[in-house]
Each structure stands twice: as C-alpha cells, then as structure tokens.
C-alpha cells in the first residue's frame with residue numbers, strides 16, 4: 001500500500017537526481033538560453049521572426065506569447081526532470097520569458113478592434 005508508494009516515489013527522486021542532460025538536451029538548453037536569457041529583453045533575435053511567419057497581429061499560432069510560454073515550459077521541464085540540483089539556467093530563461101511577456105508588442109492584439117472577443121471594439 002502506502003509504504004510501497006512512498007518507496008517508489010523515493011526511488012523516482014533518486015533517479016531524477018542521478019539524471020544528466022543528454023547531448024541533445026544540452027544543445028536545446030543552450031539554444032533556449034541564447035534566444036532568451038543571453039539577450040536583453042528588448043532585443044528580439046531573428047529567430048523570433050519565425051522565418052517571416054511571425055503573426056503581426058499576434059492572434060495566430062505564431063504569436064510571441066505562445067513561443068515564450070513553450071520555451072518556459074521546456075526549460076522548466078528540463079530543469080526539474082534532469083538538473084534539479086542546478087536550476088539557475090532555467091530560472092534565467094524563465095525570467096527572460098516573463099520580462100518579454102510583459103512587453104506591449106506581445107499583447108498588441110488585446111485592444112485591437114474586433115479581436116479578442118470584444119464585440120464593442
């Protein structure tokens with residue numbers, strides 16, 4: 001019953017602490033860091049333009065808020081699952097994502113007439 005669940009949980013935590021990043025995960029983490037935390041929040045590297053597919057209205061699937069959210073999810077998941085004793089790089093990425101999410105260009109669609117379910121706008 002309960003003791004076997006606790007034992008399994010302890011084993012899982014032990015396995016997590018022994019985990020290290022694979023070469024691919026390391027490259028992904030470096031890429032995420034280079035496009036966020038390694039740049040000032042007011043600098044948007046060309047990767048953010050998504051090869052010219054960036055949605056200028058910020059209402060489609062290429063809207064900046066989605067990219068920022070997914071980068072945050074990936075960084076947090078990698079850190080918690082693979083480097084729980086070393087969270088600083090993920091924290092830097094998350095802070096950069098949050099700083100960017102606070103910028104008006106990310107939410108420019110919000111007060112655009114006829115967008116965002118505002119029939120009165």
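The values are calculated or read from the model by the stated rules, or taken from the named source; none is laboratory data. Since this is a predicted model, take the numbers as computed values, not measurements. Every residue, glycine among them, receives a Cβ derived from its backbone with ideal geometry; neighbour counts consider all protein chains shown.
Can you pull out every residue in the range 92-109 that is loosely packed, with under 13 Cβ neighbours inside 10 Å and at pLDDT below 90? The answer is 104, 105.
Condition check ((1) farther than 14 Å from residue 79 by Cα; (2) at pLDDT below 90; (3) in contact with a strand residue (DSSP E or B) (Cβ under 9 Å, 6 or more places away or on another chain); (4) surrounded by 10 or more Cβ atoms within 10 Å (Cβ to Cβ)) across all residues:
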| site | (1), (2), (3), (4) |
| --- | --- |
| 2 | yes, yes, no, no |
| 5 | yes, yes, no, no |
| 9 | yes, yes, no, yes |
| 21 | no, yes, no, yes |
| 31 | yes, no, no, yes |
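Every test in (1) at pLDDT 85 or above; (2) more than 19 Å from residue 27 (Cβ to Cβ) is passed by residue 58 save one, and that test is (1).
For the range 65-89, how many residues meet the condition of being buried (at least 16 other Cβ atoms within 10 Å of the Cβ), touching a residue at least 40 places away in the same chain (Cβ under 8 Å) and under 11 Å from the mean Cα position of the chain (by Cα)? Of the residues in the range 65-89, 3 are buried (at least 16 other Cβ atoms within 10 Å of the Cβ), touching a residue at least 40 places away in the same chain (Cβ under 8 Å) and under 11 Å from the mean Cα position of the chain (by Cα).
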